[in-house]
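Asker: Got a structure for you, questions after.
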Amino acid sequence: MKKPKAMPEKENHDHKIREKAEAKLANMPSSQEMAGKKTDELIHELQVHQIELEMQNEELKKTQMDLEKTKEKYIDLYDFAPIGYFTFSREGLIKEVNLTGAGLLGITRKKLIDRGFGNFVVPSDFNLWNDHLLLSIMSKDQEKQSCELRLKREDGSKIFVRLESVRIEIMDVTLQVRTAVSDFTERKTAENLRIENLRLETADKAKSELLANMSHELRTPLNASIGFSELLKQGMAGELSEKQRKYVDNILTSNQFLLTLINDILDISKIEAGKIELVIDRMSVPETIQETLSLIKEKAMKHNVLLKTEFDPELEFIEADKQRVKQILFNLINNAVKFSKEEGGTVTIITKKEGAMAKVSVSDTGIGIKEENGGKLFQKFEQLESGISQKYGGTGLGLAITKQLVEQHGGKIWAESKYGEGTTFTFTLPIVAKKMGDTK
Amino acid sequence: MTKALVVDDDPLSIEYVVEMLTTCGFMAETAVNGEEAVKKAQIEVYDLIIMDIELPGMDGAAATRIIKSKPGYENTPAIALTAYAMKGDRERFLAEGFNEYFSKPANVADFLKMLKKYRK
């Protein structure tokens, strides 16, 4: 018998096969018992078989190696897929999971195997998961089932995921459910923000419209109320006694206040509904300030308040809506005078050209603003202390309107104050107006 | 005597305007909606119309348009007295054919001045 071709001894596996083959050969009838010619044929046959086997073996080993490579490749693809892959038992226990899936839950893969997936579902969504699993198991024709729910990660944070599941069947028996899990937290957050924004915008618009309607409705009764008081005052119902005249004046004052309030509400609702259009034109800053001051002079004198101006000679003309700038100035200067101390004080208006902006500040030596109240300043219907309206008047809308008007021009407004010492309001307006549509 | 028609759905507003009209020596009649105003204007010819805008049914502007298209009304002054007090409302109502516009609450002195202007 010829020595067989050298076999690679290094591999145990091959070695064992060889031992087995030797053992088999030993049990076979010895060649001496065979007739001469027949033996030769038999040996030849055996050798052919041997070579065939060796070749097959080589083939197998090569296939095996290829398979290993392919398996590695697919494990890579599986593990690092952009979505999580889970395999669940019928009870919802995690039997297999890729790295992405484990990453979604923020936990190592080892710790996940054989744990119930339900442990990671936000409790209020647990039924969604339960139904989803059940549907996946029961669905006809292995139809793909999907659902969206929230998962609680190991660190406690929550993510929105979409599950897509199919059951795996062998011989018509459901063995497992295979599920793709994709994270859409970012998309969901963006969507939620968008929806929330939309909701707020709609609510805001509805509120503005309501305010506009309300102020319209309020005018009708006020028309008669002011009208009849005026008729009384003018003696159309007979001569009034001094007391009657005083009462009528009180009624008229209150009515006038109501009218101011209605106008302010209308103003703010128009601004908010985007209905105020600025009439932008070239206007002189010092001239506008002087014109505004002439409206307040009398009141300032009554309060013993000195009005001072310091104009920057560099700042003369800007492009703005003069009427609205006057409104801004009036609100600020009027407030400064109104909140002066009882013995009087000084209100100083300072202008300054700062680059492309005109800066105007209104400083008073008045009662000042407590620090904790600073944030309420520009809010609607906020007067800093209850009772302020009775003592100082005003609707609580002035500064909110002022702020909106400044911002609509593309400027900014802010306040600095020391309680008991005074307040400075400063606003800026662009010297060259922004083009329409840029202001928003 | 100058005859005026006052149209408003608010009774107190009507009373107040009528009060001023009679003080100024007008004879005043009233209507509470646009349809009634048109009907009254068909029966009688008025020298002055004081019209609220927001009315149940036909609004004041429409009623005024119809009245003004009737024979004898070509030159009759129509005054809008309305709670529409937004910027642009004055221009809007003047363009719709009103001769004058007063927003509610109207300034009494100005309103009386206007009445005296139209008194015959």
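Asker: Are any residues in the range B:95-120 among the aliphatic types (A, V, I, L, M) and within 11 Å of chain A (Cβ to nearest Cβ), and if so, which ones? Step through it out loud before you land on a result.
Answerer: Going residue by residue through the range B:95-120, those that are among the aliphatic types (A, V, I, L, M) are B:95, B:106, B:108-109, B:112, B:114-115.
Passing the criteria: B:Ala106, B:Val108, B:Ala109, B:Leu112.
Asker: So, one more: If you take the residues of the range B:62-75 that are out of contact with any helix residue (DSSP H, G or I) (no Cβ under 7 Å at 6 or more places or on another chain) and at pLDDT 90 or above, which of them is nearest to the other protein chains (Cβ to nearest Cβ)?
Answerer: In this case the residue turns out to be B:Thr64.
Asker: Still on this structure: Give the range A:228-258 a look and list any residue that's away from every other protein chain (no Cβ under 11 Å) and either in contact with a Lys or Arg (Cβ under 8 Å, 6 or more places away or on another chain) or outside any helix (DSSP H, G or I) (or both), or say none.
Answerer: From the range A:228-258, those away from every other protein chain (no Cβ under 11 Å) are A:238-251, A:253-254, A:257; that's our starting set.
If the condition is that a residue be away from every other protein chain (no Cβ under 11 Å) and either in contact with a Lys or Arg (Cβ under 8 Å, 6 or more places away or on another chain) or outside any helix (DSSP H, G or I) (or both), then A:Gly238, A:Glu239, A:Leu240, A:Ser241, A:Arg245, A:Val248, A:Asp249 are the ones that fit.
Asker: Considering only residues that are modelled with pLDDT of 80 or more and touching a helix residue (DSSP H, G or I) at 6+ places or on another chain (Cβ under 9 Å), look in the range A:23-60 and name the one that is farthest from A:Val97 (Cα to Cα).
Answerer: A:Thr39
Asker: Now, a different point. Which residue, of A:Leu77, A:Leu60, A:Leu134, is without any contact (Cβ under 8 Å) to a residue 12 or more places away in the chain and over 38 Å from the mean Cα position of the chain (by Cα)? If you could, list the steps in order and put the result at the bottom.
Answerer: Details: A:Leu77 fails: over 38 Å from the mean Cα position of the chain (by Cα); A:Leu134 fails: over 38 Å from the mean Cα position of the chain (by Cα).
None of the others qualify; the one that does is A:Leu60.
Asker: Please give the strands (runs of 3 or more DSSP E) falling wholly within the range A:266-326 in which 3 or more residues are hydrophobic (A, V, I, L, M, F, W, C) and either modelled with pLDDT of 90 or more or closer than 25 Å to A:His216 by Cβ (or both). Quick ask: steps written out before the conclusion?
Answerer: Numbers: elements: A:281-284, A:305-310, A:317-320.
Hits in the range A:266-326: A:305-310, A:317-320.
Asker: Oh, and also: Anything in the range A:342-372 that is charged (D, E, K, R) and either modelled with pLDDT of 90 or more or more than 20 Å from A:Leu399 (Cα to Cα) (or both)? List them, or say none. Let's see the steps before the verdict.
Answerer: Within the range A:342-372, the first condition is being charged (D, E, K, R), and the residues that meet it are A:342-343, A:352-354, A:359, A:364, A:370-372.
Hits for the range A:342-372 are A:Glu342, A:Glu343, A:Lys352, A:Lys353, A:Glu354, A:Lys359, A:Asp364.
Asker: State all residues of the range B:15-50 that are of a type in the set (A, V, I, L, M, F, W, C), farther than 16 Å from B:Val108 by Cβ and within 14 Å of chain A (Cβ to nearest Cβ); if no residue qualifies, say none. Don't jump to the end; show me each part of the working.
Answerer: Here is the first cut: in the range B:15-50, the ones of a type in the set (A, V, I, L, M, F, W, C) are B:17-18, B:20-21, B:24, B:26-28, B:31-32, B:37-38, B:41, B:43, B:45, B:48-50.
Then keep just the ones that are farther than 16 Å from B:Val108 by Cβ; that gives B:27-28, B:31-32, B:37-38, B:41, B:43, B:45, B:48-49.
Listed by number, the list holds a single entry, B:Val32.
Asker: Then there is this: Might you let me know whether the range A:175-198 holds any residue that is over 30 Å from A:Ser124 (Cα atoms) and either in contact (Cβ under 8 Å) with a residue 24 or more places away in the chain or surrounded by fewer than 19 Cβ atoms within 10 Å (Cβ to Cβ) (or both)? Give the derivation first.
Answerer: Taking the range A:175-198 first, the residues over 30 Å from A:Ser124 (Cα atoms) are none.
There is no residue in the range A:175-198 that is over 30 Å from A:Ser124 (Cα atoms) and either in contact (Cβ under 8 Å) with a residue 24 or more places away in the chain or surrounded by fewer than 19 Cβ atoms within 10 Å (Cβ to Cβ) (or both).
Asker: What's the total number of residues in the range B:33-53 that are touching a residue at least 40 places away in the same chain (Cβ under 8 Å) and not aromatic (Phe, Trp, Tyr)?
Answerer: Taking the range B:33-53 and keeping what is touching a residue at least 40 places away in the same chain (Cβ under 8 Å), we get B:44-53.
Still in the list and also not aromatic (Phe, Trp, Tyr): B:44-45, B:47-53.
Going through the range B:33-53 one residue at a time, the tally reaches 9.
Asker: Let me ask another. Answer yes or no: is there a residue in the range A:211-222 that is in a helix (DSSP H, G or I), among the β-branched types (Val, Ile, Thr), loosely packed, with under 13 Cβ neighbours inside 10 Å and modelled with pLDDT of 80 or more.
Answerer: In the first step, residues of the range A:211-222 are kept if they are in a helix (DSSP H, G or I); the result is A:211-222.
If we keep only those that are among the β-branched types (Val, Ile, Thr) as well, we get A:220.
Filter once more, so that each one left must be loosely packed, with under 13 Cβ neighbours inside 10 Å: none.
No, the range A:211-222 has no match at all.
Asker: Every residue in the range B:1-14 that is within 10 Å of chain A (Cβ to nearest Cβ) and either buried (at least 20 other Cβ atoms within 10 Å of the Cβ) or small (Gly, Ala, Ser) (or both), please. Spell out the reasoning first.
Answerer: Taking the range B:1-14 and keeping what is within 10 Å of chain A (Cβ to nearest Cβ), we get B:8-14.
Those that are within 10 Å of chain A (Cβ to nearest Cβ) and either buried (at least 20 other Cβ atoms within 10 Å of the Cβ) or small (Gly, Ala, Ser) (or both): B:Asp8, B:Ser13, B:Ile14.
Asker: Report, ordered by the first and then the second residue, all pairs with beta carbons closer than 8 Å, sequence separation of six or more or different chains, a first member in the range B:81-94 that is within 9 Å of chain A (Cβ to nearest Cβ), and a second member that is hydroxyl-bearing (Ser, Thr, Tyr) and in a helix (DSSP H, G or I).
Answerer: B:Leu81/B:Ser13; B:Ala83/A:Thr220
Asker: Another one. Would you be able to tell me the number of residues in the range A:45-96 that are surrounded by 11 or more Cβ atoms within 10 Å (Cβ to Cβ) and among the polar types (S, T, N, Q)?
Answerer: Going through the range A:45-96 one residue at a time, the tally reaches 5.
The values are calculated or read from the model by the stated rules, or taken from the named source; none is laboratory data. Bear in mind that the values here come from a model prediction, so they are computed numbers and not experimental data. With ideal geometry, Cβ positions are generated from the backbone for all residues, glycine too; neighbour counts draw on all protein chains shown.
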